[in-house]
1. Filter region 211-242 down to the residues that are over 25 Å from GLY402 (Cβ atoms) and of a type outside the set (A, V, I, L, M), then identify the one that is most open to solvent (accessible area, probe 1.4 Å).
2. Among the helices (runs of 4 or more DSSP H) contained in region 389-461, which hold 2 or more residues that are polar (S, T, N, Q)?
3. Here are some conditions: (1) in contact with a Lys or Arg (Cβ under 6 Å, 6 or more places away or on another chain); (2) at positive phi. VAL133 meets all but one. Which one does it not meet?
4. Specify the residue that is nearest to the chain's Cα centre (by Cα); the eligible residues are those in region 296-323 that are within 26 Å of GLN161 (Cα to Cα) and open to solvent by 30 Å² or more (accessible area, probe 1.4 Å).
5. Would you confirm whether or not region 100-107 contains a residue that is within 11 Å of the ligand (Cβ to nearest atom), within 23 Å of GLU294 (Cβ to Cβ) and either assigned to a strand (DSSP E or B) or of a type outside the set (Val, Ile, Thr) (or both)?
6. Given the condition touching a residue at least 40 places away in the same chain (Cβ under 8 Å) and not in a loop (DSSP other than H, G, I, E, B), answer yes or no: does some residue in region 349-356 qualify?
7. From (1) away from the ligand (no atom under 16 Å from the Cβ); (2) out of contact with any Ser or Thr (no Cβ under 8 Å at 6 or more places or on another chain); (3) open to solvent by 60 Å² or more (accessible area, probe 1.4 Å), pick out the condition that doesn't hold for ARG94.
8. Considering each residue of region 377-388, count those that are part of a loop (DSSP other than H, G, I, E, B) and open to solvent by 60 Å² or more (accessible area, probe 1.4 Å), and give that number.
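The values are calculated or read from the model by the stated rules, or taken from the named source; none is laboratory data. All values derive from a computational prediction rather than experimental measurement. Note that we place each Cβ from the backbone using ideal geometry, even for glycine, and neighbour counts take in every protein chain shown. These accessible areas exclude ligands, DNA and RNA; they are computed on the full protein's heavy atoms, side chains included. Shrake-Rupley method; radii C 1.70, N 1.55, O 1.52, S 1.80 Å.
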Amino acid sequence: MSQQFDVVVIGGGPGGYVAAIRAAQLGFSTACVDAFKNPEGKPSLGGTCLNVGCIPSKALLQSSENFHAVQHDFAKHGISVENAKIDVAAMLKRKEDIITKNAGGIAFLFKKNKVANVHGLASLKGREGEKWVIEVSDNGAVVDTLEATHVIIATGSSPRQLPGLPVDNVTVLDNAGALALTEVPKRLGVIGAGVIGLEMGSVWKRLGAEVTILEAMPTFLAAADQQIAKEAFKTLTRDTGLDIQLGVKIGAIENKGASVSVAYELNGEAKTVEFDKLIVSIGRVPNTAGLNGEAVGLQMDERGFVVVDEHCHTNLPNMWAIGDVVRGPMLAHKASEEGVAVAERIAGQKPHVDFGVIPWVIYTSPEIAWVGKTEEQLKAEGVEYKKGTSGFAANGRALGLGQAQGTVKILACAKTDRILGLHMIGPMVSELVTEGVVSMEFKAASEDLARIVHAHPSLAEVIHEAALAADKRALHG
Ligand SMILES: Cc1cc2nc3c(=O)[nH]c(=O)nc-3n(C[C@H](O)[C@H](O)[C@H](O)COP(=O)(O)OP(=O)(O)OC[C@H]3O[C@@H](n4cnc5c(N)ncnc54)[C@H](O)[C@@H]3O)c2cc1C
């Protein structure tokens, strides 16, 4: 006998688990099916984000920043530490403890909200009357059959692999392998200078590896505002010490077991370089394997994404899809907000996710963050704009932190003064960007930010100053 639900969510990442909790809060009987197993073979909720993505990467970034600070910054505070050493095993344990704590937290929230927590791979079997039938298997054996009025697909994404170069997570690594290295490699290669490549490269560089990042695109961080991207390139190469090569054409790659050789062409010159480990971070592909979508007529595009409308509804009745498996930025908070919106739409509400106001963050040091349009986008769209910039160099709080580096740029409509974008590189801009998100959601003008009292001394004063600069009345510029 199948278990009956109003809503079955497939995938327990930040899209799926949040959708399931919201659906249950709205009174629907809800199950969430998730297939993820941790390295010990145990179920672990939270998807890519919690297990092998956002959270573990931030844990390791912090450990590596602390190690760097002990060696390079503490002396300026009058603190001397001799022979600082990194215990990689302890660092990885701390990371694992954070994952275990948060995964347990999701399981607790499921219990609290009466979401049925089902472990296994969900496969769509078709319709029985008004219900969708979903088969759940584990280790190849069917363990459950569920029936649901509504299905929310939140199966996420997996790392894109280079053709002919299988990831073994010993020498050739994807994100999971890059987050689990048990010792600091001497020579680390990274293919792809996107968010994941830069964050992982930063971690292992600060712990002592020589890091070379090879990027096919000639432009660094093409999606970011190019003024900020240029400053980021300078800082990450000069201060962090990442060797970032742009416009590279990758040739043959040979995994020799103990090392890997990468042939590439740069400015017409052929080169071959040997690495002890190679991280492949060239993007991610939607996860639909095992879902049996084709058999039930689920529409997918040529790149494998589930096709949805602006409400995340698929081409099939009462079937929805959210997060990395559908169009739009592959970001955890985008997945979660879509999850909430779908649950509320099923309940007959009229939710809305504003794709124009989704924050982006790269957790390098300094951090890079933005929301809204870049200057390049505004120019291409022919929008008349004004801008204000200000730096962290003289900001008292940043100086106290020892991180007085970076820039904030605000872009506003030349006619209405409405804020169109906020772009930053600097300390804790992952937190500061929310001021831009809130302002833009409330359709604020740059003058609004300029007239709002900001605490002193605080990093946010740089945003205030940038807003003043947009009106040509910077006080400290
Ligand atoms: C190294 C790294 C760092 C990142 N850092 C950030 C960051 O700082 N901020 C940010 O916003 N984003 C970050 N991301 C991206 C973020 O992880 C994703 O955008 C987010 O996890 C997408 O959420 P999701 O719920 O759509 O899918 P996922 O988190 O991928 O979860 C999908 C879940 O569904 C399961 N599943 C798949 N198929 C089935 C099936 N048929 N049946 C049952 N279960 C199934 C999977 O096992 C998985 O558990 C990072 C990603 C990586 C790799």
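1. Looking at the filtered set, the residue picked out is PRO218.
2. Qualifying helices (runs of 4 or more DSSP H): 429-441.
3. Result: VAL133 passes all but (2).
4. ARG303
5. So far as region 100-107 goes, no, none of its residues is within 11 Å of the ligand (Cβ to nearest atom), within 23 Å of GLU294 (Cβ to Cβ) and either assigned to a strand (DSSP E or B) or of a type outside the set (Val, Ile, Thr) (or both).
6. Within region 349-356 (the criterion being touching a residue at least 40 places away in the same chain (Cβ under 8 Å) and not in a loop (DSSP other than H, G, I, E, B)), the answer is yes, since at least one residue qualifies.
7. (2)
8. Within region 377-388, residues that are part of a loop (DSSP other than H, G, I, E, B) and open to solvent by 60 Å² or more (accessible area, probe 1.4 Å) number 3.
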